[in-house]
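Structure in structure tokens, see below.
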Amino acid sequence: MKVTGIIAEYNPFHRGHRYQIDYCREKLKSDYVIIAMSGDFVQRGAPALLPKHQRAEMALRCGADLVLELPVSVSTASAEGFAMGGVSMLDALHVVDTLCFGSEAGEISAMHDLAEVLTEEPDTYRSLLRNCLAQGMSFPAARNLALEEYFREPRNFDGDDFDGVLTPLFNQITQILKFPNNILGIEYCKALLRLKSSIRPVTLRRQGMGYHEHMISSPEKYGTKNYASASAIRYTLKEDPSSLQFTNELPEPAADILKSAVSRNAFLLENDFSLLLSYCLLNETPETLVQYADVSRDLAARIINQRNQFENYTQFTELLKTKEVTYTRVQRALLHTILRIKGQLPHEVPYARVLGFRKNSSALLKAIKQQSSIPVITKAADAPALLTPEALPIWDEDIHASSIYESVLSQKSASPFIHEYQKQLVLL
């Protein structure tokens, strides 16, 4: 069998996501498509719009065969941690041949070359990076500039002159590093290199709206592939959930799920966690805050100093961001405070939890269970008996995070609280 993996958030699942799954089927000739998906919280430091099981159902109804959940410490990590977690999970299944991801570049070789430098970290690059950081740049900005400087001039390696080879790559770097999906693609390539994985990376060009565009555009702007970004869909929903305009940007099976959730007020945005965040911050000090992931000493002090100015989640994030600390970094830090996520990320994800699968893909699940080097969890209640002592704290962290999400969702939608162990697999 030929199996392709996709690492995703599906926040929410839209037409561009279905285009990617169709590409895996039609162009890559994949027999099966596996999704490693964020759970109830996502990489930009926010709750997912819909619960993970509903987003898994969206993916399955639109062509995916199997959806696995990324641990919350991975799904809310920086691009590097997110990529390593997703790649390590797919690699450990020992059935995945190809990793497919979208990018603005739409071409793999330059991203792979950049990933090699970031993986090997030559002395020249490390020196350039230190100099950029010393100028007070944020780490992403410092890394981008260091890479540009590294490839500015042709270099000699082992006495061979690479004149005319590196210069074209330099000309691409500035454009490549401008766009978030390219940067994430580089991190996927880095993770594959570090794991010495046999999985082959493949990228397809992102279609339609840019990642950060917030307004759904007219069909004339992008032509036949006028795919709205997930950001634009969430923004439109936040501005006017009654219009349901945003559902036009989802494939019909996914749109039906989102419409149902909106009609029941059963969706979450950052500011639904405002009261909880305010309470959590009132219980912290600068000394206790620094134990949480992404909270530096400077940020901890700033949080405490500005705490009385708190109005809501997004306003407080905006208040805390600086030139050196990005909005997303601050938002992740605040979320980690709510979820009490501490310490280092697992180098490799130690289990694969199944959120749902298609019944006609049972052969895939059987092959995974036979070949996987990590436990495959299909029933949450079985996890404590299947996991190692090292993996159990990561599992407990996931259950705690999902309970927080479910608590806020049940209050907002006036629906019963359902514990994680009571939730059923999505079977289609």
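The values are calculated or read from the model by the stated rules, or taken from the named source; none is laboratory data. Just so you know, these numbers come straight off a predicted model, no measurement behind them. Neighbour counts are summed over all protein chains in view; Cβ atoms, including those assigned to glycine, are modelled from backbone coordinates with ideal geometry. Note: areas computed on protein heavy atoms with side chains; ligands, DNA, RNA excluded. Shrake-Rupley method; radii C 1.70, N 1.55, O 1.52, S 1.80 Å.
Can you work out which of the residues in segment 350-384 that are of a type outside the set (Val, Ile, Thr) and in a loop (DSSP other than H, G, I, E, B) is surrounded by the most Cβ atoms within 10 Å (Cβ to Cβ)?
Tyr351
While we're here: Which of the residues belonging to segment 313-349 are of a type in the set (Asp, Glu) and either assigned to a loop (DSSP other than H, G, I, E, B) or open to solvent by less than 50 Å² (accessible area, probe 1.4 Å) (or both)?
Within segment 313-349, Glu324, Glu348 meet the criteria.
Can you tell which of Tyr279, Tyr327 is of a type in the set (Phe, Trp, Tyr) and under 23 Å from the mean Cα position of the chain (by Cα)?
Step by step, each of Tyr279, Tyr327 is checked, and only Tyr327 is of a type in the set (Phe, Trp, Tyr) and under 23 Å from the mean Cα position of the chain (by Cα).
Taking the stated definitions as given, is Arg194 at pLDDT 90 or above and open to solvent by 70 Å² or more (accessible area, probe 1.4 Å)?
yes
Does Ala8 fit the bill of being at pLDDT 95 or above and either at positive phi or touching a His at 6+ places or on another chain (Cβ under 9 Å) (or both)?
In short, yes.
Another question, if that's okay. Among the residues of segment 204-211, is there at least one that is of a type in the set (Ser, Thr, Tyr), at pLDDT below 85, in contact with a helix residue (DSSP H, G or I) (Cβ under 9 Å, 6 or more places away or on another chain) and open to solvent by 50 Å² or more (accessible area, probe 1.4 Å)?
yes
If Ile394 passes every condition in (1) of a type in the set (A, V, I, L, M, F, W, C); (2) open to solvent by less than 60 Å² (accessible area, probe 1.4 Å); (3) not in a helix (DSSP H, G or I) but one, which one does it miss?
(3)
For segment 64-87, give me each residue that is part of a helix (DSSP H, G or I), buried (at least 24 other Cβ atoms within 10 Å of the Cβ) and either in contact with a Gly (Cβ under 7 Å, 6 or more places away or on another chain) or not hydrophobic (A, V, I, L, M, F, W, C) (or both).
If the condition is that a residue be part of a helix (DSSP H, G or I), buried (at least 24 other Cβ atoms within 10 Å of the Cβ) and either in contact with a Gly (Cβ under 7 Å, 6 or more places away or on another chain) or not hydrophobic (A, V, I, L, M, F, W, C) (or both), then Val72, Ser73, Val74, Ser75, Gly85, Gly86 are the ones that fit.
Pro251 fails exactly one of the following numbered conditions: (1) at pLDDT 95 or above; (2) open to solvent by 20 Å² or more (accessible area, probe 1.4 Å); (3) out of contact with any Leu (no Cβ under 9 Å at 6 or more places or on another chain). What is the number of that condition?
(2)
A further question on this structure: Can you spot a residue in segment 175-185 that is surrounded by fewer than 12 Cβ atoms within 10 Å (Cβ to Cβ), closer than 28 Å to Arg329 by Cα and modelled with pLDDT of 90 or more?
No, there is no match, as no residue in segment 175-185 is surrounded by fewer than 12 Cβ atoms within 10 Å (Cβ to Cβ), closer than 28 Å to Arg329 by Cα and modelled with pLDDT of 90 or more.
I'm checking my understanding of the structure. Among residues of segment 34-58 that are without any contact (Cβ under 8 Å) to a residue 60 or more places away in the chain and over 11 Å from the mean Cα position of the chain (by Cα), which one is nearest to Asn265 (Cα to Cα)?
Here the residue is Arg55.
Name the residue that is most open to solvent (accessible area, probe 1.4 Å), counting only residues in segment 21-63 that are in a helix (DSSP H, G or I) and under 27 Å from Thr317 (Cβ atoms).
Gln54
To continue, here is another question. List the number of the failed condition for Leu128; all other conditions in (1) under 13 Å from Tyr150 (Cα atoms); (2) part of a strand (DSSP E or B) hold.
For Leu128, the exception is condition (2).
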